[in-house]
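K.L.:
Please see the structure below; I have some questions.
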Amino acid sequence: MAIEVMKPGLSTTVQDLGRPGYYHLGIPLSGAMDRAALRAANLLVGNDEGAAALEAVFLGPELRFTADALVTVTGADLPPKLDGQPQPGWTAFRVRAGQVLSFGFLRQGARAYVAVAGGIDVPAVLGSRSTYVLGALGGLDGRALRAGDMLPLGVPPRDVAKGRTVPEALRRPAATPAELRVLPGLYWHRLTASAQASFFADTWKVAPEADRIGYRFRGGRALDFVPREQPFGAGSDPSNIVDSGYPYGSVQVPGGTEPIVLHRDAVSGGGYFMLGTVISADMDLIGQMQPHTPTRFVEVDMSAALAARDERAARLQQVRYALQT
Amino acid sequence: MATTTVQAPLPGTFYHRSAPDQPPFKAPGDAVAIGDTLGLIEVMKTFTPVAAEAAGRFVRFLVDDADAVMAGQPLYELET
């Protein structure tokens with residue numbers, strides 16, 4: 001059982017829920033940028049939620065199946081086609097040996113997840129099949145797919161029917177303009193009061209270079225720093241700090257000009273101040289943002305962040321309930 | 001003769017030329033062969049060529065050089 005890659009798309013990688021536990025060694029979390037969409041995809045085809053699937057960004061691949069399979073596409077609205085015939089998204093459909101799965105133009109969102117019953121059976125590296133391209137780790141030979149690749153498939157853990165679907169209300173909409181909730185953090189005091197206000201007041205736009213490492217934003221006013229004598233070990237720019245660990249979701253603003261939200265393949269530390277972190281409940285949303293998407297950052301406190309996390313967990317529980325076998 | 005519009009295969013920034021000091025890939029009236037590069041779309045630090053999937057005569061770009069495009073947005077007109 002295998003899938004032959006006929007066209008790879010822009011950057012299609014094998015991803016599961018990630019590789020936590022090694023960030024202190026500089027090995028990032030990796031895994032799906034939209035974890036909820038990956039979980040839903042796996043549940044639809046009867047896999048465990050953390051099975052490896054394909055993450056396709058902006059441009060879909062073209063895949064030929066060498067054996068019958070149950071397949072689904074979730075996440076971005078990247079319309080799947082089987083031998084040219086449109087298939088519904090967020091729904092499990094049957095693929096026969098020899099058929100070709102391709103995609104129409106992206107209509108909404110950024111990343112689609114293609115799950116196949118049995119999962120993509122590449123070797124697990126440090127406990128995960130996720131691809132970390134920058135470190136050439138995991139996935140298929142540590143890289144994005146290329147034409148001619150053969151992807152091995154695992155044995156489906158359980159039989160489920162075709163046609164099962166995630167109810168519309170549980171498919172997370174990609175909001176435009178987007179709002180990302182931010183909890184101000186350890187270095188918030190480095191900004192002047194007017195910079196603290198303008199960061200949340202201004203509308204920013206996703207920069208085209210935004211990727212799995214980080215999402216860069218531009219278009220807002222530059223941020224001013226409270227004057228100080230830089231401490232020993234910190235660089236000379238006012239946005240520099242003495243090197244520190246970078247949390248997943250942290251927002252750094254090198255030179256005070258363009259905020260970068262660190263995502264699944266981020267570096268784990270460095271010398272830029274972080275004004276706070278995007279809350280965990282909104283990280284999947286970032287994975288579905290296209291370049292040039294107008295974005296506002298919204299200030300929240302810890303209790304609001306925890307409530308949002310509970311809400312997200314409850315939503316996932318509803319998806320599990322809707323798809324229970 | 002029919003005029004068709006060709007859509008952007010992915011979102012990003014659309015360029016008419018290979019570098020700022022180069023002429024555009026195509027000028028009005030130029031012949032277009034299948035596989036010809038008509039422009040570049042920059043996204044995630046990658047420049048993806050927009051290759052012609054049909055032959056004909058180039059009419060005009062529908063998007064300015066270095067403008068933002070969404071996937072599916074018409075990029076140029078082709079007379080076939």
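Bear in mind these aren't lab numbers, they're just calculated from the coordinates by the rules spelled out. Nothing here was measured: the structure is a model prediction, and the numbers come from that model. Methodologically, a virtual Cβ is constructed for each residue, glycine included, from the backbone with ideal geometry; neighbour enumeration extends over all protein chains shown.
K.L.:
Once amide H atoms are built 1.01 Å from N in the peptide plane, which residues 5 or more positions from B:G39, or in another chain, come under 5 Å H to H?
P.N.:
B:V50
K.L.:
So for each of B:22-31, A:256-265 I average, over its residues, the number of other beta carbons within 10 Å; can you give me the resulting order with the highest mean first? Provide the component values of the computation, followed by the final result.
P.N.:
Numbers: B:22-31: 13.6, A:256-265: 21.8.
Top to bottom by mean Cβ count within 10 Å: A:256-265, B:22-31.
K.L.:
As a check on your grasp of the helix formula, calculate [θ] at 222 nm for chain A: sum -39500 (n - 2.57) over DSSP H runs of n ≥ 4, divide by the residue count, round to the nearest 500.
P.N.:
Values: 4 runs with 45 residues, N = 325.
Helices in chain A give a 222 nm mean residue ellipticity of -4000 deg cm²/dmol.
K.L.:
To the nearest 20 Debye, how big is the dipole of the range A:2-170 about its Cα centre, given +1 on the beta carbon of each Lys and Arg and -1 on that of each Asp and Glu? Provide the component values of the computation, followed by the final result.
P.N.:
Numbers: 16 positive and 15 negative charges, 26 e Å.
Approximately 120 debye in magnitude.
K.L.:
If you don't mind, there's one more thing I want to ask. Packing-wise, with mean Cβ within 10 Å as the measure, how do A:226-238, A:64-76, B:5-17, B:62-74 rank, highest first?
P.N.:
On the way: A:226-238: 10.9, A:64-76: 22.6, B:5-17: 20.7, B:62-74: 16.1.
Highest-to-lowest ranking by the protection proxy: A:64-76, B:5-17, B:62-74, A:226-238.
K.L.:
A further question follows. Based on Cβ point charges of +1 for Lys and Arg and -1 for Asp and Glu, what charge dipole magnitude is obtained for chain A about its Cα centre, in debye rounded to the nearest 20? Let's see the in-between values first.
P.N.:
On the way: 32 positive and 31 negative charges, 123 e Å.
Taking the Cα centre of chain A as origin, the dipole is about 600 debye.
K.L.:
May I ask you to derive the relative contact order of chain A, considering only C-alpha pairs under 8 Å and at least 6 residues apart, and to give it as an integer percent? Walk me through the numbers before you get to the answer.
P.N.:
Details: 853 pairs, mean separation 64.9, N = 325.
It comes to 20 percent, rounded to a whole number.
K.L.:
Can you work out the FRET efficiency for the pair A:K81 and A:A222, with r the C-beta to C-beta distance and R0 = 41 Å, to the nearest 0.05?
P.N.:
Values: r = 45 Å, r/R0 = 1.11.
Once the sixth-power term is evaluated, E becomes 0.35.
K.L.:
I would also like to ask the following. Please compute the length gained on full extension between A:A169 and A:A313, using 0.36 nm multiplied by the number of residues separating them and subtracting their Cα-Cα distance.
P.N.:
On the way: separation 144, 0.36 × 144 = 51.84 nm, distance 1.51 nm.
Length difference between fully extended and current span is 50.3 nm.
K.L.:
As an exercise, identify the trypsin sites (Lys or Arg not before Pro) in the range B:39-76 lying in DSSP coil whose Cβ has no more than 12 other Cβ atoms within 10 Å.
P.N.:
Details: sites: B:K45, B:R57, B:R60; in loops: B:K45.
In loop regions of the range B:39-76 (DSSP not H, G, I, E or B), the sparsely surrounded trypsin sites (Lys or Arg not before Pro) are B:K45.
K.L.:
Next question, about the same structure. Please give the helix A:302-322 orientation as an angle from the longest Cα principal axis of chain A, in degrees from 0 to 90, rounded to the nearest 10.
P.N.:
0
K.L.:
Principal axes first, then extents: for the Cα atoms of the range A:2-170, list largest minus smallest coordinate on each axis, whole Å, largest first.
P.N.:
The Cα atoms of the range A:2-170 stretch 46, 35, 32 Å along the principal axes, largest first.
K.L.:
Angle check, please: helix A:35-44 long axis (alpha carbons) against the longest principal axis of chain A (alpha carbons), in degrees 0 to 90, nearest 10.
P.N.:
10
K.L.:
For A:A124 and A:V155, compute 0.36 nm times the residue count separating them, minus their Cα-Cα distance, and round to one decimal in nm.
P.N.:
Values: separation 31, 0.36 × 31 = 11.16 nm, distance 1.54 nm.
Additional length available on full extension: 9.6 nm.
K.L.:
Quick one: order B:V43, A:V133 by neighbouring beta-carbon count within 10 Å, fewest to most. Numbers along the way, then the final one.
P.N.:
Details: B:V43 27, A:V133 18.
So the residues, fewest neighbours to most, are A:V133, B:V43.
K.L.:
Sorted from largest to smallest, which semi-axis lengths in Å does the alpha carbon gyration tensor of the protein assembly as shown give for its equivalent ellipsoid, taking the root of 5 times each eigenvalue? Numbers along the way, then the final one.
P.N.:
On the way: eigenvalues 243, 182, 71 Å².
Rounded to whole Å, the semi-axes are 35, 30, 19.
K.L.:
Under a plain spin-label model, where a point goes 7 Å from the Cα along Cα-to-Cβ, how far apart in nm are A:H189 and B:D67?
P.N.:
Result for the modelled spin labels: 4.9 nm.
K.L.:
Starting from the range A:129-199, pick out the trypsin sites (Lys or Arg not before Pro) whose DSSP state is loop and whose Cβ has at most 16 other Cβ atoms within 10 Å. Could you put the intermediate results ahead of the total?
P.N.:
Numbers: sites: A:R129, A:R143, A:R146, A:R158, A:K162, A:R164, A:R171, A:R181, A:R190; in loops: A:R129, A:R146, A:R158, A:K162, A:R164, A:R171.
Those satisfying the criteria are A:R146, A:R158, A:K162.
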